Every structure is written in C-alpha cells, then in structure tokens.
Amino acid sequence: MTQKKIRVLLAKPDLDGHDRGAKVVALALRDAGMEITYTGLHNSIDQIVNAAIQEDVDVIGLSIMTGAHLSIAKTLLHRLKRESIEDMCVIIGGVIPKQDIPKLEALGIDGVFPGGAQFDEITTSIKKMIAERGE
Amino acid sequence: MGVAKYIKNEKDAIEEVIYQSGIKVKPSYGPDDLKEVGFDYEKDLADPGQYPFTRSIHPQGYRSRAWTTRQYTGFGTPAETNGRFKMMIAHGQNGLNVAFDLPTQMGLDSDDPKAKGEVGRVGMAVDSLKDFEIAFKDIPFDRIGAGLTINANATVMLAMYQAVAKKYGYPKEKISATPQNDILKEMIGRGAWIFPVEHGVRLVGDSIEYAVKELPRCSPVSLCGYHIRESGATPAQEIGYSFEIARAYIENVVARGLKPEEFVGGFSFNLNVYGNLWEQVAKFRAARKLWAQMLKEEYGVTEPKKLFLRGLFGGGGSGLTKAQPENNIIRSSYYALAAALGGAQTTALCSFDEAFTIPTPRAALLSLRTLEILMDEVGLRDTVDPLAGSYFIETLTKQMEAKIREEMQKIKDLGGMINAVSTGAIQSEVANQAYTFEKGMQNNELIKVGVNKYAEEEEPEVELHEYNETWAEDQIASVQEVRRTRNNRDAVRCLQKLEQITRDGLNVMPCLVECCEAYATVGEMTGVFREVFGEWREPNIF
C-alpha cells in the first residue's frame, strides 16, 4: 500500500514578518516527503483556518516570534473546534520560552518546536502524531 | 548562522576553509597571491579618503571622528521610550535608532483590532504627532540624528519627524533623520511590507525627491543588506542585492528628472557584522569600492562625497544564540571589531538577551559599552584601515569584489531587482541559503559554540524585559483622546487632499507633513495609501 503524503500548512499569523524559520522548516518538511503549503505573511487566524480547510491538510504549523503564542494558540484551537476539524494536528515553532511549552501542550497543541529544534525531531513527531490520529 | 565551513582530517587539522560567500581560504598568503588577483594599490585601494575609498571615506578614519553609536531602542509607550533615549544619551550614545512596534510599522492605529497584543511589544507605539512630541521631548535635534526603523510607511514617519522638530523649534534644514525606508529588502526579509512593489518603490522615490529639496541633512533611504543577510543570504549577496536595490530606487528618481549626482548622497547603508571576521572586513572594503565605482562609472556621479558608502555596520542578530546567552556578549564584541576594522560610520549591537526578547536597560548599556571600549580603550582609533596591505586581506577583498559582482549580475539576468522580488526568485534563493546553513548547523558542518559544540544541559536564568499590558491600554486611550480633541475638520481635509495627491501621482511628502500637523493618525494616513494602492500579494515560492 502506498502511503498518502502528509499535508502540512505552514502559517505566519498576525503582523510579524520574520519568516526565515517558517521557510526553512517548509523546505525541510518538503525534503522529508511532505506536501507543503505556506500561507505567506500577515494572516489572520480565520485566513489560516480557511486555508487549512481548503487545502485539506493534516497538520497546521504556526511560526510565532512575538510572544503572543498562547493567545494565538487558544484562538486557533477554538476556531478549529467550531469548524469541527479539531482532529487536525497543530504544531508551533518560533521564539517560545521553555516554561510555555507545557502550557501550550495543555491547551491541546500537538507539538512545540522552539528555535534550534532539529529537523529530524520535527518530522518524526509529525509522522508519529499523524499515525496516532489515524488509529 | 554558521560562519564558515571547515573540513578537518582525522587529527583535527583543518584541510579546507570555505567562507559563506564561497571563497576558499589558503593556509598562507604572500606577494604571489596579490599578483594572481591583479592587485594594484592605486586602482584597488588608493590612500584613505581617495577614490575608490576601499580603505576609508575619510583620510584619517576614526582619528577625525569616532563612530556614531545608535542602539536600536523603543518599547511600550512614547514616554517609556523617551526615558530610555535619555538614559542612553546620558551614557554617551550620540545617535538614536528608533524601534517601532509592529502595528505602527504596518500602519495600524493602536486601537485597531488587528493591533491587539502587539501594541508597544517589539518597539514604541506611535499613532500621531502627539506621540512624537512625547518621545522626542528634550532631544537636541540639531546634535542627535535619528534612525527611524520603518519602511512601508516611512514617508509618514519622516513627515512626522519634520513636524515634531518644527514644533520644538528646529527648522527642517537642520534635522538629521535616517528612515530605513527600504521596501524591497522588506519584501525579501523582515516582512513589514504593505503595498504592491511599484507603489512601495514610488513612496521611496517620493521621500528621496523631497529630501533633496527640503531635508538636506537627512538620508532618506538606508539600504539594508542587513535583513537580507539575517534571512539567509551570504555576505556577497547582502552587498550585491543592496546595490541592485539601490539601482531600482535610483532609476525611479531619475525618471522624475533628477540627476543621480543630486540625490545619491542621501543613500546610506545598514549592513551586517556577524560571521567570519575576515570575510566581513573584506566585504566592507570591497563594498565601498564597488559602490563608488558603480556611481561614478554607471551614473556619472563626480563629487567625491557623493560616492561615499556611508553606513551603519552592526547588529549581528542572527549570530546570537539562546543557548548560553552570555556568550553573545563575547560574540558581539568581535562583531563590533569587524565593524571597526571595516570602517563603519555608525554602529549598534544586538544585545546579549535579544535572542529572547528586546533588551533590558542593563543589556542595552552593555552593548553601548562594548562599542565605547573599542574606540576609547583598545586602539581602534589609532590609524585608519589597519589591515590594509595584508596579503590575505587584500587578496580576500579582491575575491569578495568578484563574488559581489557575480551576485549583481545574477539580479540583472533576472531582469533587475523589482522583477526578482515580484516573481519571488530572490526570496526563494535566500530561503534556500537559510536552509543550507541550518542543515550545516544540524549536521555539525558549521560550528556554533554552545549549540552544536560545548553545549550544556542546564540553561542559566536570564533577566528579561517584560511586556506590560497597561502600555497598550494607555496608548489606546491616548489615540482616542487625540481623535476626540483635534480639529477634526482639518484632519479630514488633509487626509482627503492626501488621497487626491496619491491618486494623481504627486509627491506625498508635503501633504503628509500637513496631515501630521493636523494630528491625523498613522492608521489614517497609511489607510489612504492602502485604499489607493491596495496590498501586496507575496509570490508563492514553494
């Protein structure tokens, strides 16, 4: 059986324009065999959720550098629930202080990868969370 | 992030060194190397202060004047920022470099729903002239110049700076402002763009054209190879792309009937300092020469002063790490050394805690002290261009020059910088470079101390700047009061006029000054441009 390609939407929410991290991760995931859509900059949560629905992705990855990760995570998860697509995996990368990682996980974020995370670690985690969702 | 690739044998001896720009470095250099690269003292260097200015734009370098220090500063409300400005000036800083929050940079007022959570977070919130009145209170405009780190709506901030100076009794002929105002680089890295490419470039052109006539001491555009490098480009690309961006602005202004000679003196540069020390120094020296040559040979500029590559060489943010943050203090010292050996006119350093958030006062002061120690203690003012004549540095400078030319040619082959940005070709190239570096770091080909070598399990606690929610509340109350108490008829009339002028393709600057003086808000003024220009849609590079 051929495995379906994992589809990932990478997104930069709100006003911040520092997208080196998002683009680098996009290239790494693509090299790992995943299908990547990148929203580009300055997206509202609504735009991100709509893109995720339209592209029918398995994973939404947010890149956040501004310190607003907790509130963005809450808003996104709430919107996913409202659209009844809360089975979509959500991961967050960027400038995330260590003490906030358990808080994000408690909210329901499936993986947190602060700057410096290894590509292997990110791809392995994504594959694992998709496999677990599929069970 | 890595500085260079070192290929070692099993005994840990270095067999090969390759710099980021792709130059291979030999174990030793001598006179034959200079011959091989065709080095000629008069043609390639000349004395300091002489064309092509490779060695320095001034005959005596830092003897006649030390560099200007300009730490990037701004957070919370204008009042908070004014306090920090004064503290830095009291400690010897002699220029300002203003950090604006993201809503201001994106032309949104602090009470705009899209600004929520970001007001005063990564810089100072500015909504109207009232905020500049507070931020620049008691700042001597004739003595202290201000860098304004803003791009998409830099015209608005330049106008506001003129308006506040006038309010405090400084005529526009006396003020010295350097708005960043480099929208093409914003589209390649950093991302605070708003309008489509051609409209963005038109606004840059408007401010250059205006400054030539009205703001003789201002540098209306600062070409920022800095952020392009931060986004992943090599040092050669950093310079090559900056020059091709400059070309796009020059052509816009030439099309208005001005001669390059009349306005290129207002161009300055913002360049990066992290990475391999020798490569950076060679980069700055080669850049000075190429810029002077480009202006003279291609644009017929003759007055020597107009051929100077003047710049802020500093920052180095991408070189700093969250791991073992105190190491950043050491790193920044070496980055500052690269700036000094490279002949920077102005400098600033990222502070050691900036891999986390914006700096605490203590961290900002430490950066200032680092710069002061170089000038006052260890001898960087002694003699100009002290590395000149080194077989290695002169060979490397020539090689760097060739690499920069190659990068410029690639942009020309893509149909020029505006085209390269519009199609995403350049963004794609820079992203791929960033990916290559990151892979190099992850497989230990590039070394970062404390990250992939000598890493420690335990991370030390660092005191960090904390964001205060009440700043946003205060700022929102303040902008609402401005709208309530200003002469609204005046503000609306000015904004309507701005819309007409924008549509008619006339220079927006004089009217923006009127708008600022009528307390129109940043959101309203930028909103006019949004209405007329629309917003840019990024090309998809994946």
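The values are calculated or read from the model by the stated rules, or taken from the named source; none is laboratory data. Remember, it's a predicted structure, so these values are computed and weren't measured experimentally. Virtual Cβ from ideal backbone geometry, glycine too; neighbours counted across all protein chains shown.
Of the residues examined, B:Gly76 is not one that is surrounded by fewer than 17 Cβ atoms within 10 Å (Cβ to Cβ) and touching a residue at least 24 places away in the same chain (Cβ under 8 Å). Listed by first and then second residue, the pairs linking a residue in the range B:438-465 that is within 12 Å of chain A (Cβ to nearest Cβ) to a residue that is part of a loop (DSSP other than H, G, I, E, B) and aromatic (Phe, Trp, Tyr), with Cβ atoms under 6 Å apart and 6 or more places separating them unless they lie on different chains, are B:Leu464/B:Phe356. Selection of first residues in the range A:85-102 that are on the phi > 0 side of the Ramachandran plot and of second residues that are at pLDDT 95 or above and among the polar types (S, T, N, Q), restricted to Cβ pairs under 6 Å at least 6 apart or on distinct chains, gives the following pairs, ordered by first then second residue: A:Gly94/A:Ser63.
For B:Tyr170, the conditions (1) within 14 Å of chain A (Cβ to nearest Cβ); (2) aromatic (Phe, Trp, Tyr); (3) surrounded by fewer than 21 Cβ atoms within 10 Å (Cβ to Cβ) all hold with the exception of (1). Looking at (1) at negative phi; (2) modelled with pLDDT under 95, can you tell me which one B:Gly117 breaks? The single condition B:Gly117 does not satisfy is (1).
With respect to the conditions (1) in contact with a helix residue (DSSP H, G or I) (Cβ under 8 Å, 6 or more places away or on another chain); (2) assigned to a helix (DSSP H, G or I), B:Ala165 lacks only one, and its number is (1). Checking the stated criteria, B:Pro235 turns out to be farther than 22 Å from A:Gly17 by Cβ and touching a strand residue (DSSP E or B) at 6+ places or on another chain (Cβ under 8 Å). For the range B:93-149, filtering for residues that are free of Cβ contacts under 8 Å to residues at least 60 places away in the same chain, among the acidic types (Asp, Glu) and away from chain A (no Cβ under 14 Å) leaves 3. Within the range B:295-306, identify whether any single residue is away from chain A (no Cβ under 14 Å) and closer than 24 Å to B:Ile150 by Cβ, and answer yes or no. No, every residue in the range B:295-306 fails to be away from chain A (no Cβ under 14 Å) and closer than 24 Å to B:Ile150 by Cβ. For B:Leu108, which of the numbered conditions (1) part of a loop (DSSP other than H, G, I, E, B); (2) farther than 16 Å from A:Thr66 by Cβ fails to hold? Result: B:Leu108 passes all but (2). Each residue in the range B:8-42 was checked for being over 25 Å from B:Gly232 (Cβ atoms) and hydroxyl-bearing (Ser, Thr, Tyr), and 3 of them qualify.
In the range A:18-135, counting only strands (runs of 3 or more DSSP E) that sit wholly within it, the ones holding 3 or more residues that are at the interface with chain B (Cβ under 10 Å from one of its Cβ atoms) span A:35-38. Of the conditions (1) modelled with pLDDT of 95 or more; (2) out of contact with any Pro (no Cβ under 9 Å at 6 or more places or on another chain); (3) outside any loop (DSSP other than H, G, I, E, B), B:Lys306 fails just one. Which one is it? For B:Lys306, the exception is condition (2). Counting only helices (runs of 4 or more DSSP H) that sit wholly inside the range B:368-455, those with at least 3 residues that are closer than 24 Å to B:Lys5 by Cβ are B:391-413, B:425-442.
Being in contact with a strand residue (DSSP E or B) (Cβ under 9 Å, 6 or more places away or on another chain) and surrounded by fewer than 16 Cβ atoms within 10 Å (Cβ to Cβ) is the filter here, so list the residues in the range B:18-56 that pass it. The answer is B:Ile18, B:Lys24, B:Lys26, B:Pro27.
Screening B:Thr346 on (1) touching a strand residue (DSSP E or B) at 6+ places or on another chain (Cβ under 6 Å); (2) within 30 Å of B:Arg202 (Cα to Cα); (3) without any contact (Cβ under 8 Å) to a residue 60 or more places away in the chain shows it passes everything except condition (3).
Note on the range B:486-542: among residues that are assigned to a helix (DSSP H, G or I), within 14 Å of another protein chain (Cβ to nearest Cβ) and not hydrophobic (A, V, I, L, M, F, W, C), the one that is nearest to B:Ala154 (Cα to Cα) is B:Thr526. Here B:Pro59 fits the description: assigned to a loop (DSSP other than H, G, I, E, B) and surrounded by fewer than 16 Cβ atoms within 10 Å (Cβ to Cβ).
Residues checked against (1) under 30 Å from B:Glu457 (Cβ atoms); (2) out of contact with any Gly (no Cβ under 8 Å at 6 or more places or on another chain):
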residue	(1), (2)
B:Asn272	no, no
B:Ala282	no, yes
B:Val301	no, yes
B:Leu309	no, yes
B:Gly316	yes, yes
B:Lys322	yes, no
B:Ile329	yes, yes
B:Leu337	no, yes
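Please determine, by comparing only the residues of the range B:216-248 that are farther than 22 Å from B:Glu406 by Cβ and not in a loop (DSSP other than H, G, I, E, B), which one is farthest from the other protein chains (Cβ to nearest Cβ). Across the range B:216-248, the extreme among qualifying residues is B:Val221. Candidates in the range B:485-519 are the residues that are in contact (Cβ under 8 Å) with a residue 12 or more places away in the chain and among the polar types (S, T, N, Q); of these, the one that is surrounded by the fewest Cβ atoms within 10 Å (Cβ to Cβ) is B:Asn487.
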